[in-house]
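Step one of this worksheet: look at the structure below.
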Amino acid sequence: MHGYGEPTGTDRDSFCKYVTAHTREIDLNSPAYYVKPPSTDAILDFLDLIASSVGKPFERHYHRSFQHRHLTYDANEGRSQFISDLNRILERNGVAFEMTSDERIRRSGPSVLRGLLSSALYRTGDNDTDRLLALASERINSTKLQDRVDALEKLWDALERIKTLEPGTRTCRRLLF
């Protein structure tokens, strides 16, 4: 890109190769990319990748002879603004994902549920049940559909195990809370 007020020296081909190397499904140089949109997982990986590379430009110096600006970039301010803007777009469109301050996309479920799951300690008295519940809690908010399916399977398996325990035992009373 060349012209007044536009960045120069942008290497589109290098950027496309960088994106493809980090998100296999997105090949910006391929005509097929524009025919079939990438999967949700690939788009979320792309957003993670872009967030790690964002910076807010500031004019460092104006070069009068060639009438252009020398810029510098503030990575922290740029990322913060990117995350804020992205989360506003996702929320406005009812998309159940958000980017955290550590530049990772996560599934945004109800905040009450997130709080309960993040602080839950499973001490049912049965190690296998505890393990299944912990795995389900860990995977239920994943951005990957298969992880969420796996979480529901683990939860179901844990509930099936609980049905075999004696009614009224410590295990049944102290399951989740």
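The values are calculated or read from the model by the stated rules, or taken from the named source; none is laboratory data. All of these numbers come straight from a predicted model, not from anything done at the bench. Note: ideal-geometry Cβ built from the backbone for every residue, glycine included; neighbour counts use all protein chains shown.
Observations on the model:
- Residue 161 in a helix (DSSP H, G or I), surrounded by fewer than 19 Cβ atoms within 10 Å (Cβ to Cβ) and either in contact with a helix residue (DSSP H, G or I) (Cβ under 6 Å, 6 or more places away or on another chain) or acidic (Asp, Glu) (or both): yes
- Single residue of the stretch 104-139 satisfying the filter (within 28 Å of residue 90 (Cα to Cα) and touching a Lys or Arg at 6+ places or on another chain (Cβ under 6 Å)) that is surrounded by the most Cβ atoms within 10 Å (Cβ to Cβ): 136
- Hey, residue 43 more than 22 Å from residue 101 (Cα to Cα), surrounded by 12 or more Cβ atoms within 10 Å (Cβ to Cβ) and of a type in the set (A, V, I, L, M) or not: no
- Within the stretch 87-96, the only residue that satisfies the criterion of being at pLDDT 90 or above and under 18 Å from residue 145 (Cα atoms) is 90.
- Given (1) among the small types (Gly, Ala, Ser); (2) touching a helix residue (DSSP H, G or I) at 6+ places or on another chain (Cβ under 7 Å); (3) in contact (Cβ under 8 Å) with a residue 40 or more places away in the chain, number of the condition residue 52 does not satisfy: (2)
- Some residue of the stretch 90-101 being touching a residue at least 24 places away in the same chain (Cβ under 8 Å), surrounded by 15 or more Cβ atoms within 10 Å (Cβ to Cβ) and of a type in the set (D, E, K, R): no
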